[in-house]
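A.B. asks: Structure in structure tokens, see below.
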Amino acid sequence: SRVTPTMVAVAPNQMGLAHSTELAPEDAWVKEVDLDAFQKDVMALGRRLKAEQGEEDVAHLNKIVGWSNACGIVGVLSCAFPLNPVTVLALSTWTFSRWTMIAHHTCHSGYNDQDPERFNSRIFAVGSPVRRVRDWFDWMLPEAWNVEHNNLHHYRLGEVEDPDLVERNLNDLRSWDLPPLVKRSLVAAIAGIWKWFYYAPNTFKQLKYAEAKKDKRTPPEGDQHAALTLPALFMDEPTGVNAAEFFAKVMMPYLIGHFLLLPLPFVALGAAAGVAPATVLMGNALANLFVADVVSNIHSFIVIATNHAGDDLYRFEKGPPRVNSGTFYMRAVTSSANFPTGGDANDFMHGWLNYQIEHHVWPNLSMLSYQKAAPEMRAICEKHGVPYVQENVFKRLGSLTDIMIGKTSMRLYDPAWEKEDDFVIAK
């Protein structure tokens, strides 16, 4: 649903627009919204939620960790069984939950004050291969994901500089003269491989640019904002990434650790017990792990790629806005979509990505805080007339696919509508 109810009338020139300015019906809210008043209400709610976090939030996190670990135990202990749905779904959900809920909110500092020794963004999964394996072992390098997602995506949301801007990243597919069914089939194929095909190399690329900037070195060759996929590493065009370094640091550790070393003890035990030859058991394990990886890719694609794509969401030309300004909060809402929220089981299967609006407004809150925040944030948006989009995830998947194949486009937030004061960098 798209919420644009009772609007608060304000001075017509706050964003340089007169009430007589003609806008499309979907954009009419722009003339009426008071971004300063909106900012005040959103900031007050965020401060209250942050102040209320405590032991209850850590207990809730541990509950989710327990669910994730249970999936991992079932999947790993049965990985050498013949290919079966229980093992596949357990392994898939283990990988999915470790990323989308545990790593995601920990890396955003959601628990730094409540659990500084364990779930702390400064040490979680970063700094050593041991921490990566212990805390969050996936196709992406955690340090690279922290740069690409936590910094660039969150603070350049919907802009050209947003590395996850679907409309720009899929420009080739959008422009190809192919039947829609063929394009949709390509989208389905991408969903099954997207983490290692796109996300792992693209996040590592952004890390390389960030490191060069930090060290005051010449940035890598290539277009920083162009999406980097795995095949591009083997082409002649500069990508900003050294292929050998990428495979050594990012992909090979996961390939070897997850697909070979993880099942090895159970294969050895099964073979020693005479259950079946080691080659058969390893073949079973590889089949389960491979299919689980595809399923986990699809699951994460459905709840992640859908968050910021649709013809009812905005993209922006001007940026970046000042953090925590009215414009920053407005963009977090109008360039994001929620799915149905409420209940730990529902939220777990959505990877807590169903609170995307609240997460982009306040990136460093706990999962429990987002559950508390959603109804109040929606009410604030209703009060101020800021569109709040919330739909079934599969409807959003249709909206995403339409963007990816070029059937529809994002709404463009005209630079003339911007509140200039929100782009002044605070000194």
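A.B. asks: Of the residues in segment 53-100, how many are over 25 Å from the mean Cα position of the chain (by Cα), in a helix (DSSP H, G or I) and either surrounded by 14 or more Cβ atoms within 10 Å (Cβ to Cβ) or hydroxyl-bearing (Ser, Thr, Tyr) (or both)?
C.D. replies: Within segment 53-100, residues that are over 25 Å from the mean Cα position of the chain (by Cα), in a helix (DSSP H, G or I) and either surrounded by 14 or more Cβ atoms within 10 Å (Cβ to Cβ) or hydroxyl-bearing (Ser, Thr, Tyr) (or both) number 3.
A.B. asks: Show me the helices (runs of 4 or more DSSP H) entirely contained within segment 128-180 in which 2 or more residues are touching a strand residue (DSSP E or B) at 6+ places or on another chain (Cβ under 9 Å).
C.D. replies: Per the criteria, 166-169.
A.B. asks: Is one or more of the residues making up segment 233-241 open to solvent by less than 30 Å² (accessible area, probe 1.4 Å) and more than 32 Å from the chain's Cα centre (by Cα)?
C.D. replies: Taking every residue of segment 233-241 in turn, none turns out to be open to solvent by less than 30 Å² (accessible area, probe 1.4 Å) and more than 32 Å from the chain's Cα centre (by Cα).
A.B. asks: Further, regarding this structure: For segment 191-233, give me each residue that is touching a residue at least 60 places away in the same chain (Cβ under 8 Å) and touching a Lys or Arg at 6+ places or on another chain (Cβ under 8 Å).
C.D. replies: The answer is 204, 225, 227.
A.B. asks: Here are the criteria: (1) out of contact with any helix residue (DSSP H, G or I) (no Cβ under 6 Å at 6 or more places or on another chain); (2) outside any loop (DSSP other than H, G, I, E, B); (3) surrounded by fewer than 17 Cβ atoms within 10 Å (Cβ to Cβ). Tell me which single one residue 192 does not satisfy.
C.D. replies: Condition (1) is where residue 192 drops out.
A.B. asks: Restricting attention to segment 234-248, does a residue exist that is over 22 Å from residue 137 (Cβ atoms) and assigned to a helix (DSSP H, G or I)?
C.D. replies: Yes, there is a match, as at least one residue in segment 234-248 is over 22 Å from residue 137 (Cβ atoms) and assigned to a helix (DSSP H, G or I).
A.B. asks: Only residues that are within 20 Å of residue 205 (Cβ to Cβ) and crowded, with 20+ Cβ neighbours inside 10 Å: list them for segment 119-131, please.
C.D. replies: Once the filter is applied, which keeps residues that are within 20 Å of residue 205 (Cβ to Cβ) and crowded, with 20+ Cβ neighbours inside 10 Å, segment 119-131 yields only 125.
A.B. asks: So residue 116 passes all but one of these: (1) in contact (Cβ under 8 Å) with a residue 60 or more places away in the chain; (2) more than 15 Å from residue 367 (Cβ to Cβ); (3) surrounded by fewer than 17 Cβ atoms within 10 Å (Cβ to Cβ). Which condition number does it fail?
C.D. replies: (1)
A.B. asks: Would you please name the residue that is surrounded by the most Cβ atoms within 10 Å (Cβ to Cβ), looking only at residues in segment 355-403 that are in contact with a Pro (Cβ under 8 Å, 6 or more places away or on another chain) and not in a helix (DSSP H, G or I)?
C.D. replies: 385
A.B. asks: Only one of (1) charged (D, E, K, R); (2) in contact (Cβ under 8 Å) with a residue 60 or more places away in the chain; (3) open to solvent by less than 30 Å² (accessible area, probe 1.4 Å); (4) closer than 19 Å to residue 46 by Cα fails for residue 418. Which number is that?
C.D. replies: (4)
A.B. asks: Does residue 275 count as open to solvent by 30 Å² or more (accessible area, probe 1.4 Å) and not in a loop (DSSP other than H, G, I, E, B)?
C.D. replies: No, not satisfied.
The values are calculated or read from the model by the stated rules, or taken from the named source; none is laboratory data. Everything numeric here is computed off the predicted structure, so don't read it as measured data. Backbone-built Cβ (ideal geometry, glycine too); neighbour counts: all protein chains shown. Just the protein is used for accessible areas: all its heavy atoms, side chains included, with ligands, DNA and RNA removed. Shrake-Rupley method; radii C 1.70, N 1.55, O 1.52, S 1.80 Å.
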